[in-house]
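The values are calculated or read from the model by the stated rules, or taken from the named source; none is laboratory data. Nothing here was measured: the structure is a model prediction, and the numbers come from that model. Here Cβ is always computed from backbone atoms with ideal geometry, including for glycine, and neighbour counts include all displayed protein chains. Accessible surface is based on the protein model in full, side chains and every heavy atom, while ligands, DNA and RNA are left aside. Shrake-Rupley method; radii C 1.70, N 1.55, O 1.52, S 1.80 Å.
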Amino acid sequence: MTQIVISGSGLYTPPFAVSNQELVDAFNQYVDLYNEENASAIDAGQLAARQHSSSDFIEKASGIKSRYLMSKEGVLDPDIMQPLLAERPDEQPSIMVEMAVAAAEQALLAAGRRPEEIDLVMVAASNMPRPYPALAIELQHYLGAAGMAFDMNVACSSATFGIKMAADLLAAGTAKLALVVNPEICSGHLNFRDRDSHFIFGDACTAVLLERAEDCKVAKPWHLVASKLTTQYSNNIRNNFGFLNRLSPRTRFADDKLFRQQGRKVFKEVLPLVCDQIADQLATQGWGVDGLSRLWLHQANLTMNQFIARKLLGHDASQEEAPVILDRYGNTSSAGSIIAFHLHQQDLPSGARGVLCSFGAGYSIGSLLLERG
C-alpha cells in the first residue's frame, strides 16, 4: 500500500487576545442595558431578565481562559457585540485567504517544499466566506500552487475529513503534494449575547502538507496509518445561516442564524460515539493504549477531552498525553485538534504513536492513527 505522511504543519494565530474577563465585562454591560430597556416587560412577566456571566463560570464550564480574535472592538462594545471586519474588493485577497497563506507558508517551510510543488489545495472549515469561487481556488492563486483546489465543510471535523480525503487522492495518484488548510473565523457565527455560549469560540487557521512517504524530504514525518470517518444526523449543534436567508426578511437575522447547541445532549450523545470509534480503530490496528504517546483531541471543552482520554487510557491524562490548547485559543472548530498536533508533536521520537481526532456538528467524527517515521 502507498504510505502517506504528514510532512509539515502550520498555524496562524490572530492578533487580538481576549480574556474571559474582557468578554464578561462587555456581556454584563449588555445585560444591564437590556434589563433596563425592558424593565416594564420584565416586571410584567412578559420577558425574563437576563443574567450576568462570570469568568469563574466560563472557566468551570469549558476550561477556556482566553481566545484570539481577528477583530475585538465590536465584540467588546455592548451596543455591537460582534466582530467588525470590513468587506474587501474582489480584486484583493480575502481575510480568510490571508490567514490560510500564513499557515500554509509555515507548513511549506517545515516540509522543505515550495508553493508551486503543491497540486492539491483543500480548504476544510466550518464556514466559507462565499459560495463561489471556492476559497481553496483563491488560496491556490495567491500561493502560486498548481493542480486543483476545492472547499469542503464537515463542521468541527473538517480537518480530519480533509486529511483523509487528501490522503486518498495522493494514494490514487491524483496528486503528489496536498495542502489542507482550516481557516476559522468562529467569532463571526458566535452569538456574543448568549450567556451559555458567548465565550466558546476563537479564531485561528491551521495547515498540513501531505505526500507519499517516498517523496518526503523531512527525516521524521508522521505516517497516516489508519483513518475512520463517521457521521450521524443531529440538530443539537446547528447554524441556519445560508444564502436562502435573504429570501425570508422576517427571520433573516434571527438567533438561529448564529451558532447554537444543546450542550448536555451533545455531551451525552457524542462522547460515547467518539470513545467507541477510537477504541474500535485501535483494536482493528492492533494498537494497545499503553503504546500511545499522544491524543490530539478536538478542543471544544476540557471536560469532554478529559472524559475521552480517561475512557481510552484508563486513567486521568497528563498534559503530555492529551495536550490542551483551548485554554488559550478557545474552541477554534476544525483547527483545534490540528493546533494541538502542531504545538505538541515536535518532542516525540521515531516510532511514537498518536491519535488525531475531531468531532462536532453533524454529528461528525474523524479519527486518524499516526506513527512517527
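Some points to look at:
- Computed about its Cα centre, the charge dipole of segment 77-127 is approximately 260 debye, with only Lys, Arg, Asp and Glu carrying charge at their Cβ.
- Cβ-based net charge around CYS357, under 14 Å, with every Lys or Arg adding one and every Asp or Glu removing one: +2
- Helices in the chain, meaning DSSP H runs of at least 4 residues, each add -39500 (n - 2.57). Divided by all residues, the mean residue ellipticity at 222 nm is -10000 deg cm²/dmol.
- Projecting the Cα atoms of ALA17, GLN46, TYR30 onto the dipole axis of segment 1-96, where Lys and Arg carry +1 and Asp and Glu carry -1 at the beta carbon, places ALA17 farthest toward the positive end.
- Listed by chain and number, the aspartates and glutamates whose C-alpha is less than 18 Å from the C-alpha of LYS311, apart from same-chain residues fewer than 8 away, are GLU269, ASP276, ASP280, ASP290, GLU320, GLU321.
- 13 Å beta-carbon shell around ALA111, net charge (K/R +1, D/E -1): +2
- Leading residue at positive end of dipole, segment 298-353 (Cβ point charges), from GLN346, GLN299, PRO323: GLN299
- Length available on full extension from GLN92 to HIS52: 0.36 nm per residue minus the Cα-Cα distance, which gives 10.3 nm.
- Computed about the Cα centre, the dipole magnitude for the chain is approximately 820 debye when only Lys and Arg (+1) and Asp and Glu (-1) carry charge, each at its Cβ.
- Extension gain for ASN235 to TYR142 (0.36 nm times residue separation, less C-alpha to C-alpha distance): 29.8 nm.
- Furthest towards positive pole of dipole, LEU210, LEU282, VAL5, structure part the chain, Cβ charges: LEU282
- In plain terms, the chain from ALA283 to GLU73 could stretch by 70.7 nm, reckoned as 0.36 nm per residue minus the Cα-Cα distance.
- Estimated FRET transfer efficiency (ARG246, GLN29; beta-carbon r; R0 25 Å; 0.05): 0.20
- For the chain, the antiparallel share of DSSP beta bridges with both residues in that region comes to about 75%.
- Each Lys and Arg Cβ is given +1 and each Asp and Glu Cβ -1; about its Cα centre, segment 278-373 then shows a dipole of about 140 debye.
- Solvent-accessible area, 1.4 Å probe, carbon plus sulfur percent, for segment 224-373: 52 percent
- Applying 1/(1 + (r/R0)^6) with r as the Cβ-Cβ distance of LEU313 and ASP168 and R0 = 41 angstrom yields a FRET efficiency of 0.85.
- Relative contact order, whole percent, for the chain stands at 23, derived from Cα pairs under 8 Å and 6 or more residues apart.
- Residues listed by number, segment 214-237, amide nitrogen under 20 Å from LYS268 label point at 7 Å toward C-beta: 232-237
- A 1.4 Å probe run over the chain, with the rest of the protein chains in place, finds 45 Å² accessible per residue.
- Cross-link pairs beyond the 32 Å C-alpha cut-off, checked among LYS176/LYS257; LYS72/LYS176; LYS217/LYS268; LYS72/LYS257: LYS176/LYS257; LYS72/LYS176; LYS217/LYS268
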